[in-house]
Structures are given as structure tokens and as C-alpha cells.
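> Below: one structure in C-alpha cells.
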Amino acid sequence: MNAFDSLTGALAALLILPGGLALMLIGLIYEWANRKLIARLQNRLGPRWFQPLADVIKLLAKQSIVPAAAHPTLFALLPMIALASVLTSALALPMLGLAPAYAFPGDLIVTVCLLSLLTLCLSLAGFGTDSSFGLVGAMRALMQLFSYEAPFLLALLGPAAAAGSWQIDVIMRYAEANPWMLFTQPLGFFVAVVGLMAKLEMAPFDAPEAHTEIVSGPLTEYGGRHLALFRLSKDTALVIGLTLVAGLYLGGIADPLTFLVKTLALLVLITGVQALFARLRIDQSTTLWWRYVMILLLVQWLVMMVSRG
Amino acid sequence: MTETSRLLEQAAQITTPWGKSFTAPEANRLDVVIDANDLPAAAAALNAACWGYLAAITGLDRGADDGRIEALYHFCAGAAVAALRVTTPRAEARLPSICAAYPSASIFERELSEMLGVTFVGTPDVTPLFLPEDWSPDAYPLRKDIDLSQPNTVPVRPPPTNGENGKHFIIPIGPQHPALKEPGHFEFSVAGETVIGATVRLGYAHRGIEKAVEQRNWVQDLYLLERICGICSHIHATAYCLGVEKLAEVTVPPRAETIRTLFAELERLHSHMLWLGVAAHEAGFDTLFMAAWRDRETVMDLLEQISGNRVHYSVNVLGGVKFDLEPQHIDALLNGAAFIEERARYYFDLVNHDPLFNRRTRGVGVMTAEQAETIGVVGPTARGSGIVRDVRVEAPYLAYTRCPVEPIVETDGDLAARFSVRIRELLESCRLIRVLLETLPEGALQTRMPRRIRAGEAISRVEAPRGELFYFVKSGGGEMPERIHARTPTLCNLASALILSIGRPLADIPMILVGVDPCFSCNDRTATIHTADGSAEDETWTWERLRRYGIEATR
Amino acid sequence: MRITTILGDMLRALVRRPMTQAYPAVRRDAPSRLRGQLHWDPEKCTGCCLCVKDCPADAIEMITLDKAARRFVLRYHADRCAFCAQCVQNCRFKCLSMSSDQWELAAKDKEPFTVYYGSEEDIHALLEKCAARADQALPAAEP
Amino acid sequence: MNTLNLPERWRDAVETVKRWSRINSPWALHFNSGSCNGCDIELLATLTPRFDLERLGVKLQASPRQADILICTGPVTRLARERLLRVYEQMPSPKYVIALGACAVSGGVFQGCYNVVGRVDAVLPVDVYVPGCPPRPEAIIDGMVKLLAQLQAGEKEKPG
């Protein structure tokens, strides 16, 4: 009963009270940092600092059209579920150096799964709109999900195994006390970063919404406030993903300063990779995951097991 | 010109059994008048002797007084152009098809039947090409007596529906689609991620320019034809000017010739760089897109500085050019060429060595030389498959006669080869710009042109950035042309893209489409390519069927 | 296999200033040959109408008020103009020129696109005449 | 928003924020209704490093559902007319239309061609006209800025 109380309390804090809002705001700022850096890498000026905020407010204030072919309730509900699941996944994370709102053993798995719910919602949104672009995009999103999900989770389990716990704040405390796992498990770090990019559907893994092929993929028919919610959930997922990987591999995030420095450093790395590559075809991307990344991970685990004896 | 005269003599010999009269309107041309019934036999003889390729079929309405419609079958070999001329009564226009010998004639024949109301006996396809669905079936736009003040419409058939069609899934692309900056409607049937069929509906940019030129005077037409295409505007205007100047027997001053050539090469530079950017964008490689367009601004600046406009430079006037080159322009051009050269080397390195980008280009959309020959592709698309087809080399015009061009050829035939060809052409264009500036003659810019052009017919062929551009200009001696026929390089290349896309993953389609650098405002046609149900293999395409669609387009 | 040749370009872009021009804030001069809005100087015009004849877009109308007194008004339609400069070429008396400065022509309605050139009183006279014959005013203003 | 019973002051504030967001985040959709490509490549050029419209918040959207401004180039051909209307209908309001280039504004050199319906405002309500053949990228930005200025001034406010 006590656990339930604290859970609902934490949920309320995240979803309704400033916690969730702050998280979304950080997400918008990170989106801006990402776009600005890409622009600079392309020798452009790039967006102004308030750009993502203006985008979201504008979308919220716009007329929203529900296509005739879509199920009206599902159409409106999916973005909300996506945002809620992403926000819920932040429960177990120590953000900005604060203690996690609701930590429990095994919350690492739950967090990653809740993040995947975003992709599932996106796919369902694509399937639900009866647009051929949406369908193809949804198929691609799912295909990609199945290919990166396992390696990504395994890559995050590396630090967990090292720390001997599946609870995020325990692992992070272990990470703080020990040498950075970026150096002890470099392959795992590599897979975690690439997996994060795939999870966030960033180039070169943006095949599900490759707009030269399938317009905007699953979101083709989405506009107005539904789109705004999806964008917010994606931005929030970006922050959560960065926190996870930075906390686990870059030696923990004890205070707000290290949190900012480490997540932003990771963002810069991801953005650089994003600008550097051409888009992978969906078949190339799945091949990449199963043929190369899986092998890398297995090597990593083998080394870990051998070194532990 | 001995090679050309030898070719023409050979053509005359081949067609002797059917020829009723042989004339040579220009040094490199031969007109053979034959009887309409002999057409298939004569065409078959030319085909059997491998004399050139079918470049275009021009239809002429000779008016109510004459009572006949004339069709000109242009064959080109090197610099030589031989035309078979046939006539048919206007009231009941009927011609035998030559698709048996030249499958590529199909689209020309469809155009003729749609625009002039000629019935082709034995042609495989008679569906309308580029007029809207509600266009009246007995209004022929290019006939002289059509009343275009009427809407000429009939009630429409319901449009085809998108989405699931039978058991296949159809992905529509266009006319409004981010991959296409221009309108054209494609439908790809897919099984999973694999394309198993492709159709295209063009005509979204069909404005009816060939008819409009007959209602405007010679000078106005220059600007109208320039606006066939915003990317290769100068070359359209140049082709037209060359034709009209030939008719008027006006010689353009050498300085003007060089300036025209210079602009043609600048246009090639900007067009190829634009293409490089767009192709990179299709591959999801936005950094390269931005870089290519950033560097392209150098060329745009040069164009704007010299001509006063970034896109429709309108450098040409009939009889010469408008704008002279000042010393500071020459300096700017040399600097610009040096810069582009440096960047082109860098891009060449990039597209050949970037591992992820190469995964999207190597072995994608492979077209063998034999395939290219039968489909009838032109320009860089053909040169990427190892075929030297470049009018600047085969039949030099303007200043290319003084400054020879080195043809750029790659043999792999895939997208990577097309990238290489276009980027190496950037280098070649930079070299040409330097040579042209070194040998820039002094003198006047314009020769006076008469307002009325003496009656006659002229053919001009030029090399647009996308391939050979063929113009046929006919004057009746008045202030307005009687007929202008422009055959643009895009459609034959586009047909190749549709053929190559079958059996490929959907993600490759934008790349393959863009690989041929399609230009829909240049051409407005419908080509339909279907595969048999359920089969995703190229084998469903016989060579005959392939060839039927490998055709040049007209406007 | 080289890892991404474009990396060098990206890093160079990062240290260099962005290439972006701050256009609405900073307005750079266009090249002197730029073909902007057409200008007409009535001083030397003989009313030969060669400019009108060869205009590909019907953008120029020469309205003769009094041929003998050389009173002409030139009505220019910037919205139709193709900025090809053929009229400038055609004019034997160099009455026409294209501004290198007036190229920001965007407007929320089409009113500013119809420009009258000529002396004040001629334009006034013409507009009055048009108003008087409101039924057939502004010949061919709307195609 | 209007159903909420907010005090006048608050409603004004909400309106101001809405307008601010609209002005700072104009997402555009490009439709070619039969143009010669000239305007299209110049529009594309405004997105590239030299002009970079992203600094004004402009993003070229792929789907009409996500666009605020329809940028239309070229004279409207008979075939393109239906499509143009359909794309416009798919856009959520408030929506605006920019007619780009002489052909879109007036028909340009293609006036009277048999397959051309005519200028864009014969089909759709146009908010800003940008003449030029084609307009320079700066002139396109100028048109965009003039549209945004209209929004700022509160003109053309449409229910949304």
C-alpha cells in the first residue's frame, strides 16, 4: 500500500506537477541544441533558441484534423499514451542530480520497455491512419525496433552486470565510484549510443520516417496537438536516453553540473554521427544490427565473463 | 565533314528503293520523301543497317488548303540527320506504325495521335499521353484549326484509386511529394519493401508550349521556350536560337558564340551541383546536400553578376547575346571555376569513398551498355553506362567547334557511375570555361535579325545538362513560327528509371529516380510500366517491352 | 575504406562562421546588372511600341494620349513581367531600364504590381478617363 | 480555448502567445502546379546554408497535415488543379498561401495556354504574392517576412 502511495505520488509529480513540465522543457532545449549543432556542422546559422518551444505551442494551438479512415479515439489517445509512457519511464531516473522519484529493483528493464512503448505507439499511429506512407513507416519502425531492442538492452545490462544490480540509481552510484565504464566496456558503450540513435530514429536510422520516400512515415496524417504530443515525447525520450547512457557509461551523474555536461557531451557525439552519415536502408539497418552489432556485444560479454572468472 | 557526308550517302543508298525525292536542306541533313505505305520497310532497312537511332517524330499540320498532315521521322547518326517524310490526308489521317523496327517509336506515335489525330496502324499503345483525363478525344491541340477558346472537355472517368489494389500495395509518389521538387505522379506497387511494378502519370506540368509558340512572334517564343525548364533554360533558348538563325541565314558573331557556350557550361555546373545535392538529400545525406548547394551559390552568383538573374539568365537574343563580359567578370569566372574544380575533386573523393553513401549507390540501378542502347537513354545517364553520346562531341556547335570537349564515360552503369560522370563533368566544364575565356574573341555581340524569318525548316541539336536536346523549327515566312518541336532528354531516361526500379527495395526508388536527373517540366508524358502479378523479377520484361518504353520525349 | 570524407568539411564548417546572410536584417546590394522592376523614361519615347510587341508576357501597355504631342503613359504589370529585358534591348532610344535595386516586390495584394509611368498630369488624365468609362476601364488588366 | 471561461486579460495573453508561436514557427509546404522549376530551385535554395530559412523557424514539411503555409509555384495546369485543392483542404487552419513567381501570381508567359487554368488566386485565396521570374531567394524571404508581418499585425486572422 505504501509502495502504491509513493508510486502514485511520484506519477502525479511527474505528469501533472512541475517535474514533467521541466523534463519536457529540457527536452525542447536539447532538441534545439541538436538542431543548432547540425546547422552549424552544415555551415548554417540554424534555429533560434526558442524554436522548438514555438513549434510545440503553435502545433498545440492549431486545428487538429482526424482523418476519416482513422479511429478517432485511438488517434487522439496514442500520442497521450506515448507521452505518458515516456514520462513514466523517467520515474526511476536520477535527473539533474536529484534522487529518482520511484526506484525499485529491476527498474532498468521497465524504463527501457517504457521507452519502447513510444515506438509502439508511433507504429500503431501509422497503422491506424490507413495511409500507405503511414503503413510502410510503421512496418519499418517495428522492424527496426525488433532489431535494435535486444542489443540496446544487452548493452545497458553490461554496466548492470558489473554493478550487480538492475536498479538504475544503484548502477549509477556504482558507476560514480568506479572507473568509467566507457573504458572498461567500450563496445557496450558504442552499442548503447548507436542503439539510442536507433531508438530515437535519428539519422542514419531514420528510415521509418524517411521523408523522401514515405513523407513523414507513421506521422504523415498527424498534425496539430497530436503531433505536438508526439514531438514532446520524442524530445523527452531523448533526454531520458541520454541520461541513461551517460549515467551508466560516463561515470554517473551525481550533481546537476555533471548531468548537464555529460548528457550534452553525449548529445554532441550523437549529433556529429547524425550529420556524418547517409541514411541506412531498412534492410541494411537490420543487417547491421543482427550481423555486426550483436557480434560486438557477444564479444563484450565474453570478455566480461572471462575477466570476472 | 567527310564522315557526315559518308553517313548521309549511306542513308540515301539504304532508302533508295523507296525514296521518291532526295533533298539536302543543310549540309548535314538528308530529307527522303517516301510513300506512307513504304514507311515500315524503309525504317526496317535503316534499323537493319544500324544507321543511327530514332531521335524524334515531328508531326506537321499543313493546313486545310493543303489537306495533309506530314510526319518527319528523324534519325541521327553522329552529326548527320536523315529524315523520312511521309504525308497522309488530313480528313482521315492514317499511318503505319514503325514500332516493329523501332519499339521506341511508340511514344512518339502516341503523341502524334493525341496532338494531331493520326491513327497509327499496328502501334501497341493508343492511350492518351499527357492531356488531362477530361480532354475531348476529338480535339487535337496541334491542328491549325482547333478552337482553343473552347474548353474542349468531356465528362471525366472516375480517377484511379490509391491504396490497396488487388493484392498489391501501392505507394503513390507525387505530384506533391518531398522527393520530387517537380510534379509527376508515380505509383509503385510493393510487396513488403520490394517494388514489383511502377507507373507514372505525367502532364502535371504540361502547359501546351508547343501550341503557344505558334501564337506568339519569334522573339516572344524565345522567352517562352526558355521557360520550358528553369534548370536548363539557357540550353533551350540556345537550341531555338541556333535553329532560327540557321533559317534566317544569320551568322552570330564569334564573341557571342563563345558567351553562349560559356553560359551553357555554367548552366551545366549549376545543374550538376544541384543534382548532386538533391541526390544526396534522397539518400538522407543532408550534410552533403547542404555542402553542394552552398558551393553552387558560387555559380549562381556568377550567373547573376553577368546576366542579372540567377535562373532565367535570358542571355540569348535572336542573332547574338545581350550581355558582354567585362574584365572583372572574367576574373570572377576564373576564380569561380578554380573553386568549383577544387570542390568537385573533393566531391569525387567523397562519393567514391564514403562507406555508408557507397552502400546506397554501388550496384544500385545497374544499367548495362546494351540496355542503355535499347532503352535509348541519353546524356550522363547513358555515359554512366559506357555509351559515348554527347552532341558536343558528335556534332559540335557554337564554340565547341573551336574548343573540343573530352567525353566523360564510366562503365559501371550503376548510380555510383552516374555520380562519377556528373562530377567529372564538373571538372571538364571548369576546364572548358578556362579555355573559352582564354580564346574569347573580340567583336560585336549581335547581328541584326529580320522580324520575318524566311520560310524553311531547321534542326538543331545541343547537349543539355541532362542529355541531347533536339529542336525542329519550321517557318512559313511570317512573324510567327509555323511549328516548333522540342524533344527533351528526360523521358527516355525516366523510363529507364522505372524499369530499373522494379525488383529494388522501396528505399532505393528515390535514388534511382533522381539518378537520371528527371525534369518533369521538360517533358510531359505518360509512360506505364507494369509487371505481371506477383512476380518481382526483371524477367517479366522482355527486351521488346523494355525497348517500347525506351524513348525520347517531346513536349 | 575511409571513414567519412565529409568529416573534414563538417569540422571546418564548425570553426568557420556560418555562411548564412542575415537578409531581412542586413540587406546587401544586388549586382549592378540585376534585372529588377522596369523603369521608363518618357523623355525620348516616340511611342513605337516595339517594347510592347515583343514582350513575352504582356507586361507592358503603351497608352497613347496624344501621339503628336508625344504624350504616352506606360502601364507596367510587375506581376506578369518575366524580367527578360527584351524590351530594354528593343528600345532604340534607351527609354527603358531595369532597376538593380527594386526587387523586393512581394505584396499582400496585386494593387502595387500595376505601375504607371509618365508625367503626373498624363497619368491623372488617363486614370480619370478610365474612371469615366468604368465599364470598359483598364483594358486587359485582368487576362 | 474559447470555451474556457477565462478572464479577458488571460484570454488576451493566450492569444498573444498563440500569435507569437505562429509567427515564429511557419512550417511550409511546397506545391509545384506546373512551374518550370525555376521558382522551385530558388525556394530550395532559401533552405540551404547561404539563406537558411530555418533561422526564421521555417521548415519545409512533407505532409500537408503539418504545414501552415502553402507555397505554390507555377501556373496551375488542368491536371494540377485538383491536386492543389486537395492539398489545401488537407492543411489544418490557420493556413496561408504564398504565390511564388510570375506564373503563380498572374500566369506569366503562360497566359492563355490551353492546358493552363491560370494563376493561383483563381483557385485558392492567396495571402502574399511574390513576383519575379523567378524571385531571388532574398525576394522569397522578403515575401515570407511580409506574410509574417501580416500575422503580427493581426490581419488575415482566421478561425483556428
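The values are calculated or read from the model by the stated rules, or taken from the named source; none is laboratory data. Predicted model only: the values in this text are computed from it and were never measured. With ideal geometry, Cβ positions are generated from the backbone for all residues, glycine too; neighbour counts draw on all protein chains shown.
> So how many residues does the range A:271-298 have that are surrounded by fewer than 22 Cβ atoms within 10 Å (Cβ to Cβ) and more than 13 Å from every other protein chain (Cβ to nearest Cβ)?
Total meeting the criteria: 6.
> Something else now. Please go through the range C:80-108 and give me each residue that is closer than 18 Å to D:ILE140 by Cβ and surrounded by 21 or more Cβ atoms within 10 Å (Cβ to Cβ), ordered by number.
Within the range C:80-108, C:CYS81, C:ALA82, C:PHE83, C:TRP103, C:GLU104, C:LEU105, C:ALA106 qualify.
> Only one of (1) of a type outside the set (S, T, N, Q); (2) surrounded by fewer than 23 Cβ atoms within 10 Å (Cβ to Cβ); (3) within 20 Å of D:PRO137 (Cβ to Cβ) is not met by D:GLU89, so which one is it?
(3)
> Let me spell it out: the conditions are (1) surrounded by fewer than 24 Cβ atoms within 10 Å (Cβ to Cβ); (2) at pLDDT below 90; (3) at negative phi, and B:GLY319 meets all of them except one. Which number is the exception?
The single condition B:GLY319 does not satisfy is (3).
> Considering the range C:61-107 alone, what residues qualify as being of a type in the set (Phe, Trp, Tyr), more than 7 Å from every other protein chain (Cβ to nearest Cβ) and closer than 27 Å to D:GLY118 by Cα?
C:TYR76
> Here's a follow-up. Do we find that B:ASP301 is part of a helix (DSSP H, G or I), over 26 Å from the mean Cα position of the chain (by Cα) and away from chain A (no Cβ under 14 Å) in this structure?
yes
> Does A:PHE104 satisfy being under 22 Å from the mean Cα position of the chain (by Cα), more than 14 Å from chain D (Cβ to nearest Cβ) and of a type in the set (Phe, Trp, Tyr)?
yes
> Inside the range A:27-69, can you point out the residues that are under 24 Å from the mean Cα position of the chain (by Cα), within 23 Å of D:PRO49 (Cβ to Cβ) and facing chain D (nearest Cβ under 8 Å)?
Correct list: A:ARG35, A:ALA39, A:GLY46, A:PRO47, A:ARG48, A:PHE50, A:GLN51, A:ALA54, A:ASP55.
> Where in the range D:30-146 are there helices (runs of 4 or more DSSP H), lying fully within it, with 3 or more residues that are facing chain B (nearest Cβ under 7 Å) and touching a residue at least 60 places away in the same chain (Cβ under 8 Å)?
D:38-45
> Another one. Would you be able to say whether some residue in the range C:116-139 is at pLDDT 85 or above and within 14 Å of chain D (Cβ to nearest Cβ)?
no
> Determine whether the range B:200-217 contains at least one residue that is over 30 Å from B:ILE146 (Cα atoms), in contact with a Pro (Cβ under 7 Å, 6 or more places away or on another chain) and either touching a residue at least 60 places away in the same chain (Cβ under 8 Å) or not in a loop (DSSP other than H, G, I, E, B) (or both).
no
> Condition check: buried (at least 22 other Cβ atoms within 10 Å of the Cβ), out of contact with any Gly (no Cβ under 8 Å at 6 or more places or on another chain) and at pLDDT 85 or above. Does A:VAL239 satisfy that?
Taking the combined requirement at face value, the residue does not satisfy it.
> Okay, next question. From the list B:LEU415, B:LEU469, exactly one residue is within 30 Å of B:ASP61 (Cα to Cα), surrounded by 22 or more Cβ atoms within 10 Å (Cβ to Cβ) and modelled with pLDDT of 80 or more. Which is it?
The unique qualifying residue is B:LEU469.
> Taking the options B:TRP51, B:TRP18, name whichever one is within 20 Å of B:PHE108 (Cα to Cα) and in contact with a helix residue (DSSP H, G or I) (Cβ under 8 Å, 6 or more places away or on another chain).
Only one candidate qualifies: B:TRP51.
> Under the condition of being modelled with pLDDT under 80 and crowded, with 24+ Cβ neighbours inside 10 Å, which residue from the range B:342-375 is farthest from B:ALA279 (Cα to Cα)?
It comes out as B:ILE375.
> I've got another one for you. Kindly indicate the residue of the range B:21-48 that is part of a strand (DSSP E or B) and of a type in the set (D, E, K, R) and also nearest to B:PHE108 (Cα to Cα) among those meeting that condition.
The extreme case among them is B:ASP31.
> Checking A:LEU157 against (1) in a helix (DSSP H, G or I); (2) in contact with a helix residue (DSSP H, G or I) (Cβ under 7 Å, 6 or more places away or on another chain), which test does it fail?
(2)
> In the list A:MET172, A:MET202, A:MET181, which residue meets the criterion of being at pLDDT below 85 and either within 14 Å of A:TYR148 (Cβ to Cβ) or under 16 Å from the mean Cα position of the chain (by Cα) (or both)?
Exactly one of A:MET172, A:MET202, A:MET181 is at pLDDT below 85 and either within 14 Å of A:TYR148 (Cβ to Cβ) or under 16 Å from the mean Cα position of the chain (by Cα) (or both), namely A:MET202.
> Provide a single number: the residues in the range A:70-83 that are more than 14 Å from chain D (Cβ to nearest Cβ) and either touching a Leu at 6+ places or on another chain (Cβ under 6 Å) or in contact (Cβ under 8 Å) with a residue 12 or more places away in the chain (or both).
Selection size over the range A:70-83: 8.
> Still on this structure: Would you check which residues across the range C:35-79 are free of Cβ contacts under 8 Å to residues at least 60 places away in the same chain, in a loop (DSSP other than H, G, I, E, B) and surrounded by 23 or more Cβ atoms within 10 Å (Cβ to Cβ) and list them?
C:CYS55, C:PRO56, C:ALA57, C:ALA59, C:ALA78, C:ASP79
> From the set of residues in the range B:312-348 that are assigned to a helix (DSSP H, G or I) and among the acidic types (Asp, Glu), which is nearest to the other protein chains (Cβ to nearest Cβ)?
B:GLU342
> Now, a different point. Can you spot a residue in the range B:446-457 that is more than 24 Å from C:GLN89 (Cα to Cα) and of a type in the set (A, V, I, L, M, F, W, C)?
The answer is yes, given that some residue of the range B:446-457 is more than 24 Å from C:GLN89 (Cα to Cα) and of a type in the set (A, V, I, L, M, F, W, C).
> Being buried (at least 21 other Cβ atoms within 10 Å of the Cβ) and either away from chain B (no Cβ under 14 Å) or over 17 Å from B:LEU302 (Cα atoms) (or both) is the filter here; which residues of the range C:23-34 pass it?
Of everything in the range C:23-34, just one residue is buried (at least 21 other Cβ atoms within 10 Å of the Cβ) and either away from chain B (no Cβ under 14 Å) or over 17 Å from B:LEU302 (Cα atoms) (or both), namely C:TYR23.
> Select from the range B:38-85 the residues that are of a type in the set (Phe, Trp, Tyr) and out of contact with any Gly (no Cβ under 6 Å at 6 or more places or on another chain) and write down the one among them that is surrounded by the most Cβ atoms within 10 Å (Cβ to Cβ).
Here the answer is B:TYR73.
> Still on this structure, I have one more. When both residues are 6+ apart or on different chains and their Cβ atoms are under 9 Å apart, which pairs have a first residue that lies in the range C:11-22 and is more than 8 Å from chain A (Cβ to nearest Cβ), and a second that is exposed (fewer than 11 other Cβ atoms within 10 Å of the Cβ)?
Sorted first by the residue in the range C:11-22, then by its partner, the pairs are C:GLN21/C:ARG28.
> Specify which of the listed residues (B:TRP293, B:TRP275) is within 14 Å of chain A (Cβ to nearest Cβ) and in a helix (DSSP H, G or I).
The conditions single out B:TRP293.
> Related question: Which residues, taken from the range A:151-164, are surrounded by fewer than 19 Cβ atoms within 10 Å (Cβ to Cβ) and in contact (Cβ under 8 Å) with a residue 40 or more places away in the chain?
A:LEU153, A:ALA161
> Continuing with this model, one more query. Out of the range A:32-64, which residues are closer than 24 Å to B:LEU288 by Cα and aliphatic (A, V, I, L, M)?
A:ALA33, A:LEU37, A:ILE38, A:ALA39, A:LEU41, A:LEU45
> Take the residues in the range B:359-374 that are at negative phi, within 14 Å of chain A (Cβ to nearest Cβ) and not hydroxyl-bearing (Ser, Thr, Tyr), then tell me which one is farthest from the chain's Cα centre (by Cα).
Only one residue fits best here, namely B:ARG359.
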